[in-house]
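The structure appears below as structure tokens.
The values are calculated or read from the model by the stated rules, or taken from the named source; none is laboratory data. Being a predicted model, the structure only gives us computed values, none of them experimental. Cβ coordinates were reconstructed from backbone atoms using ideal geometry, including for glycine residues, and neighbour counts include every protein chain displayed. Calculation scope for accessible area: heavy atoms of the full protein, side chains included, ligands and nucleic acids excluded. Shrake-Rupley method; radii C 1.70, N 1.55, O 1.52, S 1.80 Å.
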Amino acid sequence: MTTVTVTGAAGQIGYALLFRIASGAMLGSGTPVRLRLLEVPQAVAAASGVAMELDDCAFPLLESVDVFDDASLAFEGANVALLVGSRPRTADMARADLLAANGAIFGPQGRAINSAASDDIRVLVVGNPANTNALIAASHAPDVPRSRFTAMTRLDHNRAVSQLSQKTGAPVSAISRVTIWGNHSATQYPDVSHALIDGRAPKLDHAWVENEFIPTVARRGTAIIEARGSSSAASAANAAIDHVRDWVHGTPEGDWTSAALPSDSSYGVPEGLVSSFPVTSAGGEWQIVPGLEIDEFSRERIDASAAELADERAAVTELGLI
Ligand code: NAX
């Protein structure tokens, strides 16, 4: 039995995510699930409607669904927490206001996880600014190992794999060793310098990588909003499922994926920043892939995104949020 807490459960990602968790897509067909949904008070009725629909699917693996507007109840006994609800940036918002609004969400949620969740809690932050929200939550959960707090760059990773597949005509299943480095923001670095297609390094035109591939991946969220009229939801939910599934069940031999984890100073990313790296998972633990050669082009981009994360950390430190 696994208890999964999902925040922002009445939102659009929540609506695409919860049914797949309940069907077994995230934890496997042998793992019954208890869902605990957290929403703000004004969205509890909507979340209860989603819970009714979950009941109506009669999922064999779904043991229970409960809805809360109190974080300390919602995280009780949680083994997995998906922090989707947040205060994302709107055009008129100053950075300090954005960070303060998220500090007011992720500080208390980190404290609630610290006191109420199961000892094996694994946290994935989806709500933006995801990396720094994860840093805030982790800093309010002193009894939980830092490595259990992660942020989602799997959607960027999957977008990068898909773009490479479309460019080369190789199926997605033939592509391995793609990496997203840094922040889930415009400074992210989608890196194909170690990518393999059918186990061999493809010949990619550097101008395509620099001028088309990287901007297309980094701006894909905006392109979806322009086309769909609302932000990515099903693909974001799918990426969250992929992230937790790989964390719990492991990554395939010979490949890696991307996830934002507290840095151990690997690849020159300052310690403690929640930054995306190439990662493998085994035994329920992420490992940063060691020893990759970093060329000059990659170095500049990794450093630029790490610098943005360091700025965000300095800002939340100054605001007293961590
Ligand atoms: P929605 O606005 O549809 O839903 C968000 C939900 O969160 C709302 O129902 C709201 O009531 C709830 N919420 C707000 N504060 C809460 C709190 N303190 N406790 C519990 N619930 C709370 O947004 P949606 O499209 O579902 O996106 C959710 C978040 O994912 C946003 O922050 C968005 O920016 C972020 N994304 C992150 C991505 C990533 O790759 N890391 C990609 C997709 C997405 O843009």
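So for segment 57-74 (the condition being assigned to a helix (DSSP H, G or I), open to solvent by 10 Å² or more (accessible area, probe 1.4 Å), modelled with pLDDT of 95 or more and within 11 Å of the ligand (Cβ to nearest atom)), does at least one residue qualify? Among the residues of segment 57-74, at least one is assigned to a helix (DSSP H, G or I), open to solvent by 10 Å² or more (accessible area, probe 1.4 Å), modelled with pLDDT of 95 or more and within 11 Å of the ligand (Cβ to nearest atom), which makes the answer yes. The residues in segment 222-238 that are surrounded by 10 or more Cβ atoms within 10 Å (Cβ to Cβ) and either closer than 16 Å to S185 by Cβ or of a type outside the set (G, A, S) (or both) can be counted, and the count is 9. Among A81, A46, A101, A94, which is the only one that is within 21 Å of H184 (Cβ to Cβ), in the same structural domain as V144 (by TED's automatic domain parsing), among the small types (G, A, S) and open to solvent by 40 Å² or more (accessible area, probe 1.4 Å)? Exactly one residue qualifies, and that residue is A94. If the condition is being away from the ligand (no atom under 16 Å from the Cβ), open to solvent by 30 Å² or more (accessible area, probe 1.4 Å) and either outside any helix (DSSP H, G or I) or touching a helix residue (DSSP H, G or I) at 6+ places or on another chain (Cβ under 7 Å) (or both), then segment 1-30 contributes M1, A25, S29, G30. For segment 213-237, taking the residues that are touching a residue at least 12 places away in the same chain (Cβ under 8 Å) and more than 11 Å from the ligand (Cβ to nearest atom), the one that is farthest from L124 (Cα to Cα) is identified as F213.
Kindly indicate whether any position in segment 168-183 is surrounded by fewer than 20 Cβ atoms within 10 Å (Cβ to Cβ), more than 12 Å from the ligand (Cβ to nearest atom) and within 20 Å of P215 (Cβ to Cβ). Don't jump to the end; show me each part of the working.
The first filter runs over segment 168-183 and keeps only residues surrounded by fewer than 20 Cβ atoms within 10 Å (Cβ to Cβ), leaving 168-174, 176.
From what is left, the residues that are more than 12 Å from the ligand (Cβ to nearest atom) are 168-174, 176.
Adding the requirement that they be within 20 Å of P215 (Cβ to Cβ) leaves 168.
The answer is yes, given that some residue of segment 168-183 is surrounded by fewer than 20 Cβ atoms within 10 Å (Cβ to Cβ), more than 12 Å from the ligand (Cβ to nearest atom) and within 20 Å of P215 (Cβ to Cβ).
Results for (1) assigned by TED's automatic domain parsing to the domain that holds R301; (2) over 24 Å from S263 (Cα atoms), shown as yes or no for each residue.
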site	(1), (2)
R122	no, no
N133	no, no
I136	no, no
S162	yes, yes
V192	yes, no
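Each residue in segment 251-292 was checked for being among the hydroxyl-bearing types (S, T, Y) and either assigned by TED's automatic domain parsing to the domain that holds M26 or assigned to a helix (DSSP H, G or I) (or both), and 2 pass.
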